[in-house]
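Structure first, then comments.
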């Protein structure tokens with residue numbers, strides 16, 4: 001299983017650079033944290049105020065939606081100090097969820113490749 005970051009999913013839905021790279025992974029088992037799916041939906045609603053976005057928008061992708069569990073919470077607080085300036089809370093949730101589940105993460109955020117993480121980061125840009 002690979003975990004999606006909201007930036008990768010937004011790039012795919014919005015036909016942004018890198019979105020076509022995500023398409024290459026659609027035949028594999030993909031998951032997304034419920035926190036990151038909420039972030040994705042809210043960002044898309046802001047970008048496209050006239051369109052309707054909800055969980056059902058992504059059903060065709062057959063994403064497994066993962067709850068933010070206590071083990072994810074522990075991974076989040078254990079892996080981050082709270083002083084990181086360039087990583088949002090939703091990004092930390094995504095990375096911690098991937099670390100807790102020992103899976104790679106797909107993102108459009110190039111800066112993640114510079115982080116020292118216990119997981120594989122696949123950048124689509």
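The values are calculated or read from the model by the stated rules, or taken from the named source; none is laboratory data. The shown structure was predicted, so the numbers you read here are calculated from the model rather than taken from an experiment. Glycine gets a Cβ as well: all are built from the backbone with ideal geometry, and neighbour counts include every protein chain shown.
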Has the range 21-44 got at least one residue that is closer than 13 Å to residue 3 by Cβ and loosely packed, with under 11 Cβ neighbours inside 10 Å?
yes
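To keep it simple, each residue is scored yes or no on (1) outside any helix (DSSP H, G or I); (2) within 11 Å of the chain's Cα centre (by Cα); (3) within 24 Å of residue 17 (Cα to Cα).
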position	(1), (2), (3)
76	no, no, no
95	no, yes, yes
99	no, no, no
105	yes, yes, yes
116	yes, no, no
From the list 87, 122, which one is free of Cβ contacts under 8 Å to residues at least 40 places away in the same chain, within 16 Å of the chain's Cα centre (by Cα) and surrounded by 14 or more Cβ atoms within 10 Å (Cβ to Cβ)?
87
When residue 113 is run through (1) under 16 Å from residue 3 (Cβ atoms); (2) loosely packed, with under 14 Cβ neighbours inside 10 Å; (3) out of contact with any strand residue (DSSP E or B) (no Cβ under 6 Å at 6 or more places or on another chain), the failure sits at (3)
Taking the range 57-74 and keeping only residues that are touching a helix residue (DSSP H, G or I) at 6+ places or on another chain (Cβ under 9 Å), farther than 17 Å from residue 2 by Cα and not in a loop (DSSP other than H, G, I, E, B), one is left with 57, 71, 73, 74
From the list 32, 41, which residue is modelled with pLDDT of 95 or more and assigned to a strand (DSSP E or B)?
32
